[in-house]
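The block underneath contains the structure these notes are about, expressed in structure tokens.
The values are calculated or read from the model by the stated rules, or taken from the named source; none is laboratory data. Just so we're clear, the structure is a prediction, and the values are computed from it rather than from any experiment. Because the Cβ atoms are built from the backbone with ideal geometry, glycine has one as well, and the counts that use them run over all protein chains shown. All accessible areas refer to the heavy atoms of the entire protein, side chains included, with ligands and DNA or RNA removed. Shrake-Rupley method; radii C 1.70, N 1.55, O 1.52, S 1.80 Å.
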Amino acid sequence: MDIRESEARVIKVVPEKRTHAYLILDETIFHPKGGGQPSDRGVIRSHDYEVTVKKAIHYKGVVIHWAKLNRGAPTEGKAMCELDWPYRYLVMRRHTAAHLLDHCLAKAVGTRVQTTDSWLDEPCYVGYAGGVPSEEALRSAEALANSMITKGASVSIRSLSSEGARELLQNAPNYERLPDLSEIRTVTIDGCQPIPCGGTHVRNLAEIGRVSVGSAERLSSDSFRLHFSVSASASSSS
Ligand SMILES: [Zn+2]
């Protein structure tokens, strides 16, 4: 989803002190925190008010926007929503890079890898089960990722029925954490294993610019975090 701004209807407002409020919209472009992806930020405004959305949280099937009041007080009715697009786009590039690293790390170590979690704000990492790979394997994964980014590859989204998905996804790095849903949304980098994921991604690997693999932080004898970053902007790759 890469809609940057959109009109929506505010259907509920709960003020918090005089400075903040919780808002519910009929439809939202704000991606809530979840699956390693931090919440979108941005602005909701009408003629009479403007608020800065600090957090969007998924709660019992509803997205709740926690916002700071800038001007006036929010009311029910039509409003314009605008994402903090530079931040969202950075998260999309990091998110796609995280999936690419799963693929490249598996190639570098020669076996399937299993992710445990990830976080795409700061610090930015993917968590994996298993021992810390050698420095040589990490550099080789990084080199492969950057060569695939340079070549470019499409990134596509598909929804699969859960019966069909289980078999197709058995080598996915997060197979152990597959949600129990009748439909499973998958993301596929052309040429790589499809990965079940509900997050936001770029449409082509080239948009990542460049990925740098940082340290592998051992968490226990059987898990580690791989820290990584993407270049400051997709066009400033070098
Ligand atoms: Zn994803």
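Examine region 127-134 for a residue that is within 15 Å of the ligand (Cβ to nearest atom) and touching a residue at least 24 places away in the same chain (Cβ under 8 Å), and state whether such a residue exists.
For region 127-134, residues within 15 Å of the ligand (Cβ to nearest atom) and touching a residue at least 24 places away in the same chain (Cβ under 8 Å): present.
How many residues are under 15 Å from THR116 (Cβ atoms), among the hydrophobic types (A, V, I, L, M, F, W, C) and modelled with pLDDT of 95 or more when one looks only at region 178-218?
Qualifying residue count for the region: 1.
Applying the selection to region 158-198, what residues are free of Cβ contacts under 8 Å to residues at least 24 places away in the same chain, in a loop (DSSP other than H, G, I, E, B) and open to solvent by less than 60 Å² (accessible area, probe 1.4 Å)?
Residues satisfying the conditions are LEU178, PRO179.
Yes/no matrix, rows are residues, columns are (1) out of contact with any helix residue (DSSP H, G or I) (no Cβ under 8 Å at 6 or more places or on another chain); (2) within 19 Å of VAL91 (Cα to Cα); (3) open to solvent by 30 Å² or more (accessible area, probe 1.4 Å):
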residue: ARG4; (1), (2), (3): no, yes, yes
residue: LYS12; (1), (2), (3): yes, no, yes
residue: GLY36; (1), (2), (3): no, yes, no
residue: SER39; (1), (2), (3): yes, yes, no
residue: ILE44; (1), (2), (3): yes, no, no
residue: HIS47; (1), (2), (3): yes, no, yes
residue: LYS54; (1), (2), (3): yes, yes, yes
residue: ILE57; (1), (2), (3): yes, yes, yes
residue: ILE64; (1), (2), (3): yes, no, yes
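Pull up region 104-126, narrow it to residues that are open to solvent by less than 40 Å² (accessible area, probe 1.4 Å) and within 18 Å of SER147 (Cβ to Cβ), then point me to the one that is farthest from the ligand (Cβ to nearest atom).
Filtering region 104-126 for residues that are open to solvent by less than 40 Å² (accessible area, probe 1.4 Å) and within 18 Å of SER147 (Cβ to Cβ), the one farthest from the ligand (Cβ to nearest atom) comes out as ALA108.
Which one of these is open to solvent by less than 60 Å² (accessible area, probe 1.4 Å), touching a Ser or Thr at 6+ places or on another chain (Cβ under 8 Å) and not β-branched (Val, Ile, Thr): ALA129, ALA153, ALA137?
ALA129
Find the strands (runs of 3 or more DSSP E) located wholly in region 33-136 whose residues include 1 or more that are over 30 Å from SER212 (Cα atoms) and at pLDDT 95 or above, and list them. Spell out the reasoning first.
Working: elements: 42-45, 50-59, 62-71, 77-83, 115-119, 125-129.
Passing ranges, in order: 42-45, 50-59, 62-71, 77-83.
Residues to consider are SER140, SER154; find the one that is among the hydroxyl-bearing types (Ser, Thr, Tyr) and either within 16 Å of the ligand (Cβ to nearest atom) or touching a strand residue (DSSP E or B) at 6+ places or on another chain (Cβ under 6 Å) (or both).
Step by step, each of SER140, SER154 is checked, and only SER154 is among the hydroxyl-bearing types (Ser, Thr, Tyr) and either within 16 Å of the ligand (Cβ to nearest atom) or touching a strand residue (DSSP E or B) at 6+ places or on another chain (Cβ under 6 Å) (or both).
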